[in-house]
Structure formats: structure tokens, C-alpha cells
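To start, the structure under review is shown below, and the notes come after it.
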Amino acid sequence: MKALIRIVDDDEELARSYALLLETAGWECRVWTDGTRFLEEERFERPGCVILDMRMPGMNGLEVQKALAERGSVLPILFLSAHGTISAAVEAVRVGALDFLEKPADPDSLIEKTTAAVERGQALWTAAERRRSVEKRFLSLTPRERDVVEAVLDGASNKEIARRLSLEVSTVKMHRAHAFAKLDVHSPQELTLLAHELDDSHASPHAS
């Protein structure tokens, strides 16, 4: 899916000059001059990044960053920082932003850092799509199939599962086959790897 660069800066003339530069470099851009409108209007359905001004009327850049994090956004953030807000931009990077640019941004630096942000954004988007796919597969299991899967993950044999769940072995085999088909795995080893993948994704913090 093609990346989209979201530029949020109350200085519309400057924001559109950045957009023009980045579009010349081959990217698609959208501009907002208000953080609240950005959060209301953007659907976050495409990978890419956010170029976000630190100091704006209404919601400032840090508040927009926090709102994105609360939504579980995986879009990398590049902050635009005037001289008086550089220390705040450094703090924003510490808590999750990818980088910052001092205003007015040097064109070469803007393109270089945007390239890094888009590449990071594409990787995070792909990982998030994979995570959603795995979660959807596990959610498709019936309660009984879930019981059987948990027992398989514990290393139990079909006979042990049958005793644990008070089922016939043939019934266990049926639930196991249905669960494996839904999860698109073919062995307990593949099931374990898939479950670990889901556990690791839940343990990882959302990048913003």
C-alpha cells in the first residue's frame, strides 16, 4: 500500500512548501493546520509517517503524539521544532517520536529523515497487519477449539486432552483438525510458533 505523509503545522504556507518538496520527491502528502482536525479527519488506513509541529494553537504536538499513542498508532512521528521547543522535541523523541527537525527544515534533511520515517512506517505497518491477521485467526476459534489448542500448547497428547476435557479422543481430533485449519498450522510446532508470535506482539509497546 502506498505511503501517505501527514503534515500537521499551523503555518499553512510552510506546511504546503514541505508538502510540495516531498511530493516532488515522489511521496503523497496531506496537510492539516490543526491537531484536533487531523485526529478527527485522518482515517489512518495507510502506512507512512506524521510530520508534526511541536507548538500549535489548540492541541500542541505533544498532545497529538499522546492521542496517537492512545489509539495504538504505528505511524512514526517527525517533530518540527522551533528554537524554543527543541528541548521538548528531544523529550518527545525519548518517549517514542522517531526524530525531530529544527524549523525551518533544511530540504535535504527533511527528505532524508522523511525517507527513514516512511521506511520505518512501512515495516511497522506490515508487522501490525500480520498481528491483526494472527489475532483474527485465534478469535475465529470456538470455545472448545480454544480449549484443545491450549492443551496442545501445554504439550498434551490427544488422549490426555480427552481426559482433561471429558471428551472422546475422536472428538478431540475433530476439534484439533478444525482449529489447525483455522489457524493455518499443520503441527504443534507451527502452533507454538504462531502463539509465540501473538504473545510477543502483545508484549511489545506500540510505536507512534
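Each reported figure results from applying straightforward, stated rules to the coordinates on display, with no laboratory input. Since the model is a prediction, treat every value here as computed from it, not as a measurement. Because the Cβ atoms are built from the backbone with ideal geometry, glycine has one as well, and the counts that use them run over all protein chains shown.
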Cα pair count fraction exceeding 19 Å, expressed as % - the stretch 140-203: 25
Using alpha carbons only, how many angstrom separate the centre of the stretch 132-199 from the centre of the stretch 4-81? 43
Within the stretch 76-109: backbone nitrogen closer than 18 Å to the ALA127 label point (7 Å, Cα to C-beta): 76-78, 93-99
Please list, by residue number, everything in the stretch 50-78 whose backbone N is under 17 Å from a paramagnetic label point 7 Å out along Cα→Cβ of GLU135. 68-75
Compute the FRET efficiency between ARG46 and GLU160 as 1/(1 + (r/R0)^6), taking r as their Cβ-Cβ distance and R0 = 45 Å, and round to the nearest 0.05. 0.45
Would you tally the net charge around HIS175, using a Cβ to Cβ cut-off of less than 11 Å, leaving HIS175 out, and scoring K and R as +1, D and E as -1? +2
Tell me the volume per residue, in Å³, of the convex hull enclosing the alpha carbons of the chain. 129
The simple spin-label model distance between THR36 and THR115, using points 7 Å out along Cα→Cβ, in nm, is 3.9
Among the aspartates and glutamates, which fall within straight-line cross-link reach of LYS66, defined as a Cα-Cα distance under 20 Å, with same-chain neighbours fewer than 8 residues apart omitted? ASP9, ASP10, ASP34, GLU40, GLU41, GLU42, GLU45, ASP53, GLU91, ASP99
By how many nm would the segment from GLU150 to ARG71 lengthen if fully extended, with 0.36 nm per residue of separation less the alpha-carbon distance? 25.4 nm
Distance cut-off 32 Å, Cα to Cα: go down the list LYS113/LYS182; LYS2/LYS173; LYS136/LYS173 and report the pairs above it. LYS113/LYS182; LYS2/LYS173
Once the piece of chain linking HIS196 and ALA25 is laid out straight, how much longer is it, given 0.36 nm per residue of separation minus the C-alpha distance between them? 57.6 nm
